[in-house]
Every structure is written in C-alpha cells, then in structure tokens.
1. Hey, any idea what Rg/Rh is for region A:15-60, computing Rh the Kirkwood way over Cα pairs?
2. Would you order B:98, B:45 from fewest to most other beta-carbon atoms within 10 Å of each residue's own beta-carbon?
3. Per DSSP helix of 4 or more residues, -39500 (n - 2.57); summed, then divided by the residues of chain A. What does that give at 222 nm, rounded to the nearest 500?
4. For chain B, what does -39500 (n - 2.57) per DSSP helix run (n ≥ 4), summed and divided by total residues, give at 222 nm, in deg cm²/dmol to the nearest 500?
5. Quantify how strongly other chains surround peptide B:160-171 by giving the mean number of their Cβ atoms within 10 Å of each of its Cβ atoms.
6. How long are the semi-axes of the ellipsoid equivalent to region B:162-283, from square roots of 5 times the Cα gyration tensor eigenvalues, in whole Å, largest first?
7. Just order B:27-36, B:114-123 by mean Cβ neighbour count inside 10 Å, highest at the front, would you?
8. Regarding the protein assembly as shown, what whole-number volume in Å³ per residue does the convex hull of its Cα atoms give?
C-alpha cells in the first residue's frame with residue numbers, strides 16, 4: 001500500500017472536449033497521468049464513453065494561469081457601469097422597426 | 001473540476017469568527033449563487049464537502065466490486081456488455097468525483113490513502129454480497145434507483161464542481177437503473193425458480209436500499225448545516241419517502257412482494273408507510289461489521305499494490321522521454 005519513495009505523484013491534467021465540430025472545447029474535468037499521451041488516453045476513457053467528443057485537449061494543470069479571485073472586483077466591476085456598450089442602451093424610433 | 005494549481009495553499013478561508021465574511025458567504029448561497037474553488041468559503045464548508053465528495057467517490061469505486069463479481073457469469077452477451085459498461089461507468093463516476101474534491105485542495109493520493117486505511121467511509125450498501133445473478137438486477141433497480149434519488153438534488157448543490165460532476169453522473173446513471181429493472185423483469189416473468197431468485201434478491205436488498213438515504217432526520221448530525229449551505233436540498237426522510245413511493249408500484253408490476261409486513265398505502269398522506277428500520281444494524285455495517293467490509297477493502301488494497309509497478313513504470317517512461325526531448329532541444 002505504501003508507494004516506493006521514488007515514485008513521483010502523477011501530475012494533474014485539465015481536460016477540455018469539443019462536443020462536435022463548430023463548437024469550442026469546453027472544460028469537463030481532470031485526470032492524473034504521467035505524460036500527455038497517457039493523459040489523453042485517460043481523458044478519452046473517463047470523459048468520452050458516450051460519444052461526447054470529437055476532439056480532446058489536455059493541459060497540464062501547472063501550465064494553466066488563472067485570475068486571482070481577490071482581483072474579481074478590479075478586473076470585472078469596471079464593465080458594470082458601461083451600459084453604453086449594450087445595444088439596448090440606444091433608442092431607435094419604433095417606426096424604424098427592428099435593428 | 002478545476003485544478004489544484006488554481007487554489008492557493010491552505011485555501012483562502014478566513015477565520016471562522018469573521019462574522020462579516022460568513023454573512024456575505026451565506027447571502028451568496030441564499031441568492032443561489034454557485035461557489036467556485038477559488039472563492040472564499042468557511043473552513044467547515046470546505047471540510048464538509050471534502051468529506052462528502054470523497055466518500056461519494058469511494059462509494060463509486062468500491063461499488064464496482066459487487067457487480068464486477070458477476071461479469072464473467074452474466075447469462076448472455078447482451079447482459080455482459082451492459083454490466084461491463086455499467087461497472088466502467090462507476091469507475092468513471094468515482095474519477096469525476098475525485099477530481100471535484102481535488103479542487104478543494106485535497107490530493108488524490110490523500111483520499112486514496114483514507115480509503116485504503118479505512119479512515120474514510122463509503123456507502124454501506126456495498127458491504128453486502130451479490131449471491132445470485134438476480135442481485136445484479138436488484139442493485140441496478142434499487143441501489144442505483146436510490147442513488148439517483150439522492151443525486152438529482154445534488155445537481156443543484158451550491159458547490160459548482162460537485163454540481164457539474166453530478167449532472168454527468170445522473171445522465172449516465174439512468175441507464176444503470178433501467179438495465180437493472182430489465183434484468184428483474186426477465187426473471188420475474190420467467191420460470192418459478194427465476195421468479196423466486198428475483199424475490200430473494202428483493203428480500204435482501206430492500207432494507208439496505210431504503211437505508212441508503214442515511215439515518216432518520218431526527219438523528220442526522222450533518223443535516224441542518226448542509227441544508228443551510230444548500231449542499232443538501234432535501235432531508236434524508238423526504239428522499240427516502242420519494243424512493244419508496246416510486247418503487248412500490250414497480251415491485252407490484254413485477255409481481256414481487258416488498259419484504260415489509262407494515263408497508264401500507266396511506267390515503268391521508270398520499271404516501272406509503274413503512275415499518276421500523278433496524279438502525280443499529282445499519283451502524284454496525286457502517287462501522288465495519290457488514291458481511292463484506294473486510295473483503296471490499298482487501299480487494300482495493302490489492303488492486304492498489306498490484307498497480308504500483310504500473311505507476312512507477314509510467315513515471316519512469318515519462319521522465320525518460322522528457323529527458324530525451326530536452327537533450328534534443
């Protein structure tokens with residue numbers, strides 16, 4: 001039950017799947033694997049048993065950079081008061097119809 | 001299911017006495033906002049989820065054993081293919097759930113260790129033996145049926161990665177219950193010996209299945225807080241009642257008898273009433289006294305030990321290839 005001390009922990013890989021051509025790859029989960037090839041095999045077995053995908057991306061988790069949740073306000077709040085970026089902010093006379 | 005790499009060491013949790021942070025957190029939950037891995041959360045919320053999701057994962061992994069026991073003896077190729085697919089699904093469900101738990105900052109190896117040393121529990125239903133082929137049918141029908149009842153509300157759980165994993169699990173689980181009921185139907189409509197086998201399986205699996213929803217609300221220690229955090233949406237007893245109401249007519253269709261002399265339709269409440277359940281026996285099995293506890297864990301340990309050289313070889317192979325790539329660059 002105890003691992004040999006020289007066996008490194010298997011790295012974590014994030015898995016992204018394109019459900020069908022025309023759609024973007026979407027994050028579905030993660031697998032542990034020694035290298036990209038094995039991560040790909042594991043992702044295929046774990047996440048596409050029912051034809052869920054036409055393409056798989058695996059990305060080793062340490063290569064993924066995420067925004068800090070504490071920066072949420074600084075990053076995203078400025079968009080909140082810029083309603084003039086929304087089409088509904090502008091008035092088009094009814095007579096003109098849909099635009 | 002986001003990577004551990006995105007979680008700061010130790011987690012962002014503040015002190016439990018930070019009343020403002022707790023109030024803000026509860027307000028988010030009350031507004032039906034989902035909590036994602038990097039968000040601030042009370043340490044107790046994190047701990048509760050790690051316990052629940054990892055135990056859920058362990059249950060899926062251990063749950064491969066009782067049915068795996070019948071793969072080589074399935075009566076037809078169709079049944080065998082379905083059973084292999086189902087057992088493979090259970091393994092997949094365990095992996096979705098381990099990945100979800102890892103987003104909370106616990107390592108996969110730590111969870112494996114907890115299962116193998118017996119520190120973590122798993123659903124006690126898997127500590128009963130599968131004595132006949134009919135048990136495969138009864139497990140699909142009753143055990144997976146109860147699991148679906150439990151899992152559907154979890155698709156709306158407040159913790160995003162758990163909810164997303166459960167949506168996948170529920171989609172796949174529905175095939176499990178239907179194939180189980182089909183096995184039971186074939187046996188119940190078969191020879192008297194086959195029907196007796198189906199009845200025997202129902203007799204043994206009914207009570208443990210009804211107990212899968214956990215102790216009665218009056219004794220359930222984690223219930224109130226989990227409800228407030230919207231990890232849990234319905235109480236144990238209300239889910240249990242829903243399962244009973246759905247399952248009794250299914251047994252009637254099969255012409256099988258539910259092994260409970262006190263089972264009655266209650267026209268006043270619009271529900272079935274059942275007789276008392278032996279919760280002492282439930283706790284005895286949870287605590288390791290079931291007929292199969294030892295064997296289930298012994299099998300897991302053996303599988304883990306047998307896989308050791310594979311993990312070591314995969315790591316060595318990856319290291320060798322990485323070194324070659326580096327030398328070529």
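Where a number appears in this text, it was derived from the coordinates with a stated rule and is not lab data. Quick caveat, the model's predicted, so the values are computed rather than measured. Every residue, glycine as well, gets a Cβ built from its backbone with ideal geometry; the counts of neighbours run over all protein chains shown.
1. Value, to two decimals: 0.94.
2. The order, fewest Cβ neighbours first, is B:45, B:98.
3. After summing the helix terms and dividing by the residues of chain A, the value is -4500 deg cm²/dmol.
4. It comes out at -20500 deg cm²/dmol, rounded to the nearest 500.
5. Mean shielding count: 1.
6. 28, 20, 13
7. B:114-123, B:27-36
8. 236
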